[in-house]
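The next block holds one structure in the form of structure tokens; read it before the comments.
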Amino acid sequence: MSKINLETFDLTQLPSAEDDAFEFKSSSTSLEALKKKLSCAVSGFANSGGGYFIVGVDGNGEADGGLPLKNGKQDLRDWADQVINQVEPVPRYDIKLIHDSMGQGTIQPGSVVLVVGIHESYAGPHMAPDNHYYIRAGAHTIKAKHFIVDAIWAKRHFSKPRLTHLFRLKPGKEEAIQLGILALTDSPAVDIKIDVSPLPQMIQHCESLFPLQASIIDRNNPFFFDVTTYVEAKERFGDDVYLEVEYCDLAGNFYTYKSKVEVTGSVPPISIGNDNPAKMVKALELINKALLQLTASRENAAKPSLVLSKPPESIFIDVEKLIPELLAEMRNDLFEHPFARELILMPKGAVYNGDPNNLILEYYFENHTWLRSKMRILENYALIYEITYNSTPRFVISEELAAYLISSQTK
């Protein structure tokens, strides 16, 4: 998302054409069509690093009349809020209404240019009301393919992917050895290009296929390909062979993994039968050595971490405006039970058999309309975290939210 300050933003700062961070819509677009386009754009920008949806300008970014401040009795800002809040979960966003064109086209009296800024989200994927997920592809908003949606789910955990390589005997055809690219973290790598130089003897006839390309590599989807045979593996694979992998994370950041690869470190499987016992012992020793090396490598690898910054006071002000009744009830509950840090959502009359040593606050759907959606708001601001493992929605209250609610109760 381009870093602009909406408080000081005006039309002179708009680019002269749409791009991956800006989408323009004309004043002549009907509100019904805008409703669809805005919700899809919010989904697309939130899933693609953020961006801005501008209504009331032409394709060059100049005002072409603007939108009326009211749609019947409804304010334009309220209308936009309602549309955006149909996206699930609702991402962080800002709205600005521009009255002065600053010489960039014309805004009619009683009309404005609507600017919606959607923040980059780590709580995706975000689904539009039509039950589809969208992403930005250049200057266009398009439906995301299923593997992209899966990759965005993984982005909730860690934003920096790390890759490594491994040799193995090909499953079901153990006379061949494969080279594999594996993920070390929960964050997926996307848009992967894999090159081997020089190419081993067995795959030199496939030179036109390199660099190999893969859409995604994560913990559940490694990438393996044949490189040599088990017989005369070292001679056929070659010496001074290098593997280079180029890839991106979900935010579009570019990474490179480069390593010298030696096939002699691969470990063959053991066949239980009439094999020479001395060979079996030797094979077991090689396996143990390989496992120790993997353990040491894993222990020495940089551990991904999720660093949470303290939320600004403005976030609590925004949340108080959106869900005051729910926060009031939570405030009273935490004042009475200051050590409670978990809550569940359930219908009245239901019985929850929890741990008697763990105090869990209970909130009923009948007491709060759209209760699940209100919890989404707290999730989007990283004030609660979902830990549901059965049919009962369950959450952890962050220390920042607990401290805010308890302190505001005592004022």
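Determine, yes or no, whether GLU23 is at pLDDT below 95 and not in a loop (DSSP other than H, G, I, E, B). So GLU23 fits the description; yes. Count of region 62-76 residues, restricted to those that are assigned to a loop (DSSP other than H, G, I, E, B) and either touching a strand residue (DSSP E or B) at 6+ places or on another chain (Cβ under 6 Å) or modelled with pLDDT of 90 or more (or both), is 3. The requirement of being aromatic (Phe, Trp, Tyr) and buried (at least 21 other Cβ atoms within 10 Å of the Cβ) is not satisfied by PHE9. Of the residues that sit in region 119-136 and are within 9 Å of SER43 (Cβ to Cβ) and hydrophobic (A, V, I, L, M, F, W, C), which one is surrounded by the fewest Cβ atoms within 10 Å (Cβ to Cβ)? The qualifying residue surrounded by the fewest Cβ atoms within 10 Å (Cβ to Cβ) is MET127. Restricted to region 237-266, and to residues that are part of a helix (DSSP H, G or I) and buried (at least 17 other Cβ atoms within 10 Å of the Cβ), which residue is modelled with the lowest pLDDT? If we take residues in region 237-266 being part of a helix (DSSP H, G or I) and buried (at least 17 other Cβ atoms within 10 Å of the Cβ), then VAL263 is modelled with the lowest pLDDT. The number of residues in region 41-72 being of a type in the set (A, V, I, L, M, F, W, C), surrounded by fewer than 24 Cβ atoms within 10 Å (Cβ to Cβ) and touching a Pro at 6+ places or on another chain (Cβ under 9 Å) comes to 0. Being more than 20 Å from ALA233 (Cβ to Cβ), β-branched (Val, Ile, Thr) and more than 14 Å from the chain's Cα centre (by Cα) holds for only one residue in ILE192, ILE148, ILE135, and it is ILE192.
In region 290-328, the qualifying residues are those that are surrounded by fewer than 10 Cβ atoms within 10 Å (Cβ to Cβ) and among the acidic types (Asp, Glu), and the one that is modelled with the lowest pLDDT is GLU299. Scanning region 238-257 for residues that are of a type in the set (Phe, Trp, Tyr), in contact with a Pro (Cβ under 9 Å, 6 or more places away or on another chain) and in contact (Cβ under 8 Å) with a residue 60 or more places away in the chain gives TYR247, TYR255.
Scanning region 356-398 for residues that are without any contact (Cβ under 8 Å) to a residue 40 or more places away in the chain and part of a helix (DSSP H, G or I) returns PHE365, GLU366, ASN367, ARG372, MET375. Looking at region 216-234, can you tell me whether even one residue there is loosely packed, with under 14 Cβ neighbours inside 10 Å and in contact (Cβ under 8 Å) with a residue 60 or more places away in the chain? Among the residues of region 216-234, not one is loosely packed, with under 14 Cβ neighbours inside 10 Å and in contact (Cβ under 8 Å) with a residue 60 or more places away in the chain, which makes the answer no.
The values are calculated or read from the model by the stated rules, or taken from the named source; none is laboratory data. Everything numeric in this text was worked out from a predicted model, so none of it was measured. All Cβ positions, even for glycine, are placed from backbone atoms using ideal geometry, and neighbour counts span all protein chains on display.
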